[in-house]
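Data block below; observations after.
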Amino acid sequence: MLRYPSLRAPLDILFLICCIALTADVLVPEIWGNGKTKDYPLWFWAGQQILQGKDLYPTDPNAYFEFIYPPPPAVLLAIPSYLGKIPLYLCLSLLNAVAWWMTAQFANAMTGSGRIPGPWLFALPGFVTISFVFDMFDLGQPNLVLLAMMLFGFWLLQHERPWMAGSMFALATAIKVFPVAVFPYLLWRRQWAAVASMIVFLGILLFVVPAPLRGYQHNISELKTWFQGMVGSSSEQGFGQRGEQNWSWVNQSIIAVTHRLTRPVNYNQDNPAKPPRYMNLLDLDFKTANLVVIAISLAIGLGYVAVMSARSRITPLSNAEELGILFCLMTVASPLARQYYFMWLFFPMTILIHRAAFDPRAVVRAGTWTVLAIAGLLMCLSFPVFPNDLQAFGNNLAATAVIAGGLVWHILHPLSDGTAGSLCQTKLQTDIRNKPR
């Protein structure tokens, strides 16, 4: 199913036009305007710090960090930064374009339905997540690239290449830490080779790759500073260097929404010009609220394990649904889950779209479209026409829960063996027809 864009396919042409327009949004302000803003100047700064042998972080882990990511992504940014801002920005835009295309390819290939969707159905997840894609280009954030890496990793895992899969998981984790949530899943599913590969490659990326440019001791010192400032810091004021965002309405992670609901936290704290606003239903202290977060997380984790199919009963359909739930959980388990993080719902939504289109049970198809519609309406509450208060209550978190709930239902209500066998036979016939001669 994986293929290159074709100039003979109207939707592929539309995709290329969108990529050109989104890249122009990045390059035009830099070439003819006052310079591209958002995170792009930060990426150039980080690359230049590496090239000039300067520090990425202050010596005091409690001081403000300009760059909040581990050293490896800065080393990667140094390569195009050597050529200047415009080559760097163009490189990042091209990476996003390739990641967008490959995400759609992998997502549709890994739904387990065994069916090749028509062009409009294939493109539907891309249409409904277009606002997230715009954020990826406009902000310069890597979440779309990370999504493509993780999907590629699971595609490799399904094709019995666990060591390469582990390297993809490690690379995504070294760039932005939250994909590390895949590690417990690999352990539970006894993917030992992928686990070992992820550990080995993560060690290489963190300790070996930066050493030639930074020096071994300097790199270790920076890793220690980064860990203390980002991972080891947590208080009522926030965590991970961006306290003004942690408890505000912009963060829709399980941690943030739980704290906003259980203790008096000003969810307008990201903008001092706005009056304080609160939404707590309880009045707990910080420590007790954290215990609530732990309890909720354990309940979700145990529930996920409970609905997983036994190894002997895993099918392509149940495996895809299981991975879809995992991507939902990785998204909302991140301590900071801003709007663009929910780009990761692309894969879970693609799975449900395939179920809504191809499940032989008419009632199930209608119910699945309803689930997708409810999730879509919830995500639409993020548009600027709606007040931030709705996002403070976690509209994207609720949409994620609805999508995960739909996938859970499909796992617990699989097709009968006869119907599943018929679908597998259809897939086999399709594969034979598409096999190169």
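The values are calculated or read from the model by the stated rules, or taken from the named source; none is laboratory data. Bear in mind that the values here come from a model prediction, so they are computed numbers and not experimental data. Here Cβ is always computed from backbone atoms with ideal geometry, including for glycine, and neighbour counts include all displayed protein chains.
At a glance:
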| read-out | value |
| --- | --- |
| Filter pass, residue 156 being of a type outside the set (Gly, Ala, Ser), within 12 Å of residue 106 (Cβ to Cβ), in contact (Cβ under 8 Å) with a residue 40 or more places away in the chain and assigned to a helix (DSSP H, G or I) | no |
| Which numbered condition residue 253 fails, given (1) touching a helix residue (DSSP H, G or I) at 6+ places or on another chain (Cβ under 7 Å); (2) free of Cβ contacts under 8 Å to residues at least 24 places away in the same chain | (2) |
| Output for the stretch 293-306, where each listed residue is of a type in the set (A, V, I, L, M) and either surrounded by fewer than 16 Cβ atoms within 10 Å (Cβ to Cβ) or under 12 Å from residue 260 (Cα atoms) (or both) | 293, 294, 295, 296, 298, 299, 302, 305, 306 |
| The stretch 183-229, residues that are of a type in the set (Val, Ile, Thr) and free of Cβ contacts under 8 Å to residues at least 60 places away in the same chain | 195, 199, 200, 204, 208, 220 |
| Lone unmet requirement of (1) crowded, with 16+ Cβ neighbours inside 10 Å; (2) under 22 Å from the mean Cα position of the chain (by Cα) for residue 47 | (2) |
| Exclusive hit being assigned to a helix (DSSP H, G or I), over 27 Å from residue 91 (Cβ atoms) and at pLDDT 95 or above, set 170, 174, 193, 148 | 193 |
| Residues of the stretch 106-121 classified as crowded, with 20+ Cβ neighbours inside 10 Å and not in a loop (DSSP other than H, G, I, E, B), total | 3 |
| Checklist (1) in a helix (DSSP H, G or I); (2) farther than 16 Å from residue 144 by Cβ; (3) of a type in the set (Ser, Thr, Tyr) applied to residue 93, failing item | (2) |
| Single condition residue 118 does not satisfy, out of (1) touching a Leu at 6+ places or on another chain (Cβ under 8 Å); (2) more than 18 Å from residue 172 (Cβ to Cβ) | (1) |
